[in-house]
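Engineer: Before I ask anything, here is the structure I am working with.
The values are calculated or read from the model by the stated rules, or taken from the named source; none is laboratory data. Keep in mind it's a predicted model, so treat the numbers as computed, not measured. Cβ: placed from backbone, ideal geometry, glycine included. Neighbour counts: every protein chain shown. Note: accessible area is taken over every heavy atom of the protein model, side chains too, but ligands, DNA and RNA are not part of it. Shrake-Rupley method; radii C 1.70, N 1.55, O 1.52, S 1.80 Å.
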Amino acid sequence: MNESNKITVTSPLLPNLDEFKAMLDDIWDRKWLTNNGFYHKELEKSLADYLGVKYISLFTNGTLPLITALQAMKITGEVITTPYSFVATTHSIWWNGLKPVFVDVEEETGNIDPEKIEAAITPHTTAIMPVHVYGTPCNMKRIQEIADIYGLKIIYDAAHAFGVKKDGESVLKAGDMSTLSFHATKVYNTIEGGALVCHDEATKKRIDFLKNFGFAGETTVVAPGINSKMDEIRSAYGLLNLKQVDSAIANRKFIAEKYRTALKDVPGIRFLKDVEGVRHNYAYFPIFISEEYGMSRDALYAKLQEHNIYGRRYFYPLISTFSAYKGLESADPKNLPIAHKLADQVLCLPMFADLDGEGVDRVIEVITK
Ligand SMILES: Cc1ncc(COP(=O)(O)O)c(C=O)c1O
């Protein structure tokens, strides 16, 4: 296969190399590589500003903030969540020795269906962990109403929702905490990285202890914390990428519009639409393929590969089908019909900031011919 015309499902947003080298020189001069250094502090400030939130803590990836959020709020018993996500969502519950309880999703968005949450609540339920899948905001108002009635905490997995706003407000303001992933494949990346957003200073302090082994002072350890500190090199890289994330999102929007225009009349192909009042980030371009298309999702996935185009079946298989979770009562496919349908139909098309119009046309041609 010709490597030069290969189209991958994603490709990382890279900062200007000369600017990065200059920052590396500065880091070498400072001789301070990690533990809340200069660039770490700068990135926390800049991200809080860009994202429109007050309290944000940087992490080494997007999984540890999920694990730490559950720790920080001392969540016990059962956590209601969605099977239609990346495995890290449920793994974070398992790593805390808690029981995940799966609830089905909405067909329109792929997000947890708020109307099915109440039926899954038991006396052991203490929290809900929804995911803003593909960056489309969950029904945050309804989820909050339910949490308030039953006294539950909400941790949003916002790994896909960098920069997403609803009615002018960051979605990261919803619930008790939200997590982000800055993995290389995301809209905004620090190579590996992530963050935890909370809403008050005392909680941020606790989170910062927890991501540094529980250290609250030189000789004081207040909890069995973990090590999830972001280093100076990736913090500097993150500052540079932040400068270009808006233009990256604008390019992604252009690609999404091109796909939508070309695919809107293709029978058997459905895609996500922009929601009014939402500033989308176009993190993914999932299409859902039904029988009318005349070819199965897996056949189209293979056909694209024959043309050197690599989509991704994201999210397939469902988390609830993996060996660690499939024995749970809530993992019964009869409990999750919509999630199973989406997992069987979905194919994420190539989507990244420097995918050019010609590349998009190549993908469209294979799908429409
Ligand atoms: C929904 C979701 N949650 C959590 C994660 C975990 O993030 P990370 O890979 O940065 O640990 C991801 C990453 O792909 C994700 O897509």
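Engineer: Could you check segment 339-354 and list, in sequence order, the residues that are in contact with a strand residue (DSSP E or B) (Cβ under 7 Å, 6 or more places away or on another chain) and not β-branched (Val, Ile, Thr)? Break it down into steps so the answer makes sense when it comes.
Structural biologist: Keep residues of segment 339-354 that are in contact with a strand residue (DSSP E or B) (Cβ under 7 Å, 6 or more places away or on another chain), which gives 339, 342, 345-351.
Passing the criteria: ALA339, LEU342, GLN345, LEU347, CYS348, LEU349, PRO350, MET351.
Engineer: Read through the list (1) within 18 Å of the chain's Cα centre (by Cα); (2) on the phi > 0 side of the Ramachandran plot, then give the number of the only condition that GLY268 fails.
Structural biologist: Failing condition for GLY268: (1).
Engineer: Restricting attention to segment 204-227, report how many residues are open to solvent by less than 50 Å² (accessible area, probe 1.4 Å), in contact with a Gly (Cβ under 8 Å, 6 or more places away or on another chain) and either at negative phi or modelled with pLDDT under 95 (or both).
Structural biologist: Final tally of qualifying residues: 5.
Engineer: Taking the condition within 14 Å of the ligand (Cβ to nearest atom) and either touching a Ser or Thr at 6+ places or on another chain (Cβ under 9 Å) or in a loop (DSSP other than H, G, I, E, B) (or both), does THR76 pass? First the steps, then the outcome.
Structural biologist: Details: within 14 Å of the ligand (Cβ to nearest atom): no; either touching a Ser or Thr at 6+ places or on another chain (Cβ under 9 Å) or in a loop (DSSP other than H, G, I, E, B) (or both): yes.
Against the criterion (within 14 Å of the ligand (Cβ to nearest atom) and either touching a Ser or Thr at 6+ places or on another chain (Cβ under 9 Å) or in a loop (DSSP other than H, G, I, E, B) (or both)), THR76 does not qualify.
Engineer: Six or more apart or on different chains, Cβ under 6 Å: which pairs go from a residue in segment 295-306 that's within 16 Å of GLY268 (Cα to Cα) to one that's not acidic (Asp, Glu) and not in a helix (DSSP H, G or I)? Could you list them?
Structural biologist: ARG297/ILE289; ARG297/LEU347; TYR301/GLY311; TYR301/LEU347
Engineer: Then there's this: For residues that are touching a residue at least 40 places away in the same chain (Cβ under 8 Å), in a loop (DSSP other than H, G, I, E, B) and away from the ligand (no atom under 16 Å from the Cβ), tally how many sit in segment 124-149.
Structural biologist: 1
Engineer: For the subset of segment 157-179 comprising residues that are under 16 Å from THR126 (Cβ atoms) and within 16 Å of the ligand (Cβ to nearest atom), which member is surrounded by the most Cβ atoms within 10 Å (Cβ to Cβ)? Explain how you work it out, then say what you get.
Structural biologist: The first filter runs over segment 157-179 and keeps only residues under 16 Å from THR126 (Cβ atoms), leaving 175-177.
Keeping just the survivors that are within 16 Å of the ligand (Cβ to nearest atom) gives 175, 177.
Values: GLY175: 25, MET177: 28.
Only one residue tops the list, namely MET177.
Engineer: Residues that are closer than 16 Å to TYR134 by Cβ: list the strands (runs of 3 or more DSSP E) wholly contained in segment 186-298 that include at least 2 such residues. Reasoning before the result, please.
Structural biologist: Working: elements: 194-198, 215-217, 269-271, 285-289.
Here the list reads 269-271, 285-289.
Engineer: Could you grab me the full set of residues in segment 85-105 that are open to solvent by 10 Å² or more (accessible area, probe 1.4 Å), away from the ligand (no atom under 16 Å from the Cβ), touching a residue at least 24 places away in the same chain (Cβ under 8 Å) and in a loop (DSSP other than H, G, I, E, B)?
Structural biologist: Answer for segment 85-105, where residues must be open to solvent by 10 Å² or more (accessible area, probe 1.4 Å), away from the ligand (no atom under 16 Å from the Cβ), touching a residue at least 24 places away in the same chain (Cβ under 8 Å) and in a loop (DSSP other than H, G, I, E, B): just LEU98.
Engineer: Can we say THR68 is open to solvent by 20 Å² or more (accessible area, probe 1.4 Å), within 16 Å of the ligand (Cβ to nearest atom) and either without any contact (Cβ under 8 Å) to a residue 24 or more places away in the chain or of a type in the set (Ser, Thr, Tyr) (or both)? So that I can check it myself, show each step before the final result.
Structural biologist: Values: open to solvent by 20 Å² or more (accessible area, probe 1.4 Å): no; within 16 Å of the ligand (Cβ to nearest atom): yes; either without any contact (Cβ under 8 Å) to a residue 24 or more places away in the chain or of a type in the set (Ser, Thr, Tyr) (or both): yes.
Considered against the rule, which asks whether it is open to solvent by 20 Å² or more (accessible area, probe 1.4 Å), within 16 Å of the ligand (Cβ to nearest atom) and either without any contact (Cβ under 8 Å) to a residue 24 or more places away in the chain or of a type in the set (Ser, Thr, Tyr) (or both), THR68 comes out as no.
Engineer: Quick one: which of GLU257, GLU201, GLU232 is among the acidic types (Asp, Glu), at pLDDT 95 or above and crowded, with 16+ Cβ neighbours inside 10 Å? Please lay out each step first, then the result.
Structural biologist: On the way: GLU257 fails: crowded, with 16+ Cβ neighbours inside 10 Å; GLU201 fails: crowded, with 16+ Cβ neighbours inside 10 Å.
It is GLU232.
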